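The values are calculated or read from the model by the stated rules, or taken from the named source; none is laboratory data. Please read these numbers as outputs of a predicted model, since none were measured by experiment. Here Cβ is always computed from backbone atoms with ideal geometry, including for glycine, and neighbour counts include all displayed protein chains. Surface accessibility is based on the protein's heavy atoms, side chains included, excluding ligands, DNA and RNA. Shrake-Rupley method; radii C 1.70, N 1.55, O 1.52, S 1.80 Å.
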Amino acid sequence: MSPDAGPGPGPVSGPVSLAVVDDDPMVRAALGMMLGGSSGITVVAEAGDGEEALTVVPASGADVVLMDIRMPVRDGLSATEELLRSHPALKIIVLTTFDTDDMVLRALRIGAAGFLLKDTPPARLVEAIRTVAAGQPMLSPSVTAQLIAAVTGADSAPGADERSRSARSAMTGLTDRERDVAEGVARGLSNAEIAAELFMGVPTVKTHVGRLFTKLGVENRVQVAILVHDAQG
């Protein structure tokens with residue numbers, strides 16, 4: 001589900017080129033001011049709807065795109081799907097005021113690298129952009145919870161018992177500290193939030209997350225979250 005840093009690259013240290021796609025010019029201006037400068041993120045393009053984004057974003061050379069969902073002419077999910085079809089290396093974060101299950105699942109299904117709400121704090125938004133630029137997915141805590149529920153389904157679903165047994169078996173191989181970190185990941189916390197809660201350094205948390213990926217045989221934080229949920233089922 002944050003999925004922020006994993007066993008591969010964490011948030012990048014170099015500059016990140018960003019395109020902002022939103023039909024509200026005030027939102028675009030606010031994001032540009034908030035994300036520029038010391039964050040190491042440069043806004044290289046803006047578009048006011050999904051159709052304009054199809055031309056503007058590829059020409060800008062952006063690494064990451066912040067994409068609104070509800071826009072005129074072409075909506076953000078349709079634009080995301082089209083952009084990723086023609087430019088699969090793009091990293092697109094859906095940024096919206098809405099987080100309904102169908103939107104989350106469709107966005108992730110078509111290849112969005114993140115799904116964040118517009119009330120995401122600036123520091124976390126910067127972290128998300130840099131994390132996604134490094135190749136890791138990023139989801140807000142509420143979205144993580146919804147995704148887990150949608151993917152795992154009801155506890156009575158076929159195969160739930162076997163899934164739960166398998167997850168519990170995988171979790172037995174974790175140390176107490178790794179288990180604590182896994183539970184933080186399952187709640188949608190960032191590395192910094194886990195570090196503060198467990199009184200650990202952020203680099204130590206990143207190390208633990210990397211070990212979780214290896215020990216649990218997963219590729220991202222969403223899969224860690226789902227496995228923790230199954231183990232508790």
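For this structure, a couple of remarks:
- A probe of 1.4 angstrom, applied to the heavy atoms of all protein chains, finds Thr97 with accessible area near 90 square angstrom.
- Each residue, Thr207 and Glu82, gets one label point 7 Å from its Cα in the Cβ direction; the gap between the two is 4.8 nm.
- Sequence of Asp68, Asp119 from largest to smallest accessible area, 1.4 Å probe: Asp119, Asp68
- FRET efficiency for the Arg109 to Phe199 pair, using the beta carbon distance and R₀ = 30 Å, is estimated at 0.20.
- Solvent accessible area, Å² - Lys118, 1.4 Å probe, full protein context: 80
- Cα gyration tensor, the range 72-131 - rounded (a/c under 1.5), prolate or oblate: oblate
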